[in-house]
1. Within the chain, which is the longest segment containing none of the trypsin sites (Lys or Arg not before Pro) that sit in a DSSP loop and have at most 15 other Cβ atoms within 10 Å?
2. Pick from D111, D43, D55: which residue has the top mean-square fluctuation in a GNM of the chain where Cα pairs under 10 Å get a spring?
3. Kindly flag which residue pairs out of K17/K137; K25/K137; K67/K144; K21/K137 have an alpha-carbon separation exceeding 25 Å in this structure.
4. Note the direction-averaged projected area, equal to a quarter of the hull surface, for the Cα convex hull of the range 44-89, in nm².
5. Relative contact order of the chain: what whole-number percent is it, with Cα pairs under 8 angstrom and at least 6 residues apart?
6. Want the number for K137 to L27: 0.36 nm per residue separation, take away the alpha-carbon distance, what's left?
7. When the Cα centres of the range 105-147 and the range 36-96 are compared, how far apart do they sit, in Å?
8. What share of Cα pairs, in percent, lie more than 28 angstrom apart in the chain?
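Quick note: the coordinates plus some simple rules give every number you see, no bench work behind them. This one's a predicted model, so the numbers in the text were calculated from it and none came from an experiment. Using ideal geometry, Cβ is built from the backbone for each residue, glycine included, and neighbour counts are taken over all protein chains shown.
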Amino acid sequence: MASDKNSKSAGFSDEEKAAMKERAKELKAEERANKSKEAGEKDILEKIGEMPEPDRSIAMRLHELIKANAPVLWPKTWYGMPAYAKDGKVVCFFQSGQKFESRYCTFGFNDSAKLDDGSMWPTSFALVKLTAEVEAKIVDLVKKAVG
């Protein structure tokens, strides 16, 4: 079958490629971060500082909430996003809406989160604005996620 040099492959987008490169760098730094909460927090704060507003403010407030309410979680970056791990496994993460040109930020949980509720439960949430009610829900979910 002849290939058409002008056709675009259905491969990874530029944003996806950038996330994979970011993850490769993170893996090299992960050993250092796994040994020190401070190193992981420094990495997260750096990533948050690179975000445009309003994502930066949302990410910073989320970081404060998680740090205050789930001190067992270790901050680290994960595919270029702020994430929080327990026993080396990412429990929850924040994704800026700007990361993949989405109309909202995402706060998500991985399978290590203890959020199981029957046969189906949500694992990620769209975040547009942090209100007192939203913050209370986030705190409840994070506390439940860590057990």
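1. On the way: sites that count: K5, K8, R103, K114, K129.
So the longest stretch without any such site is 9-102.
2. D111
3. Details: K17/K137 33 Å; K25/K137 33 Å; K67/K144 15 Å; K21/K137 33 Å.
Among K17/K137; K25/K137; K67/K144; K21/K137, the Cα-Cα distance tops 25 Å for K17/K137; K25/K137; K21/K137.
4. Details: hull surface 12.1 nm².
So the Cα hull casts an average projection of 3.0 nm².
5. For the chain, the relative contact order is 19 percent.
6. 36.5 nm
7. 15
8. Values: 2337 of 10731 pairs.
Within the chain, distances greater than 28 Å cover 22 percent of Cα pairs.
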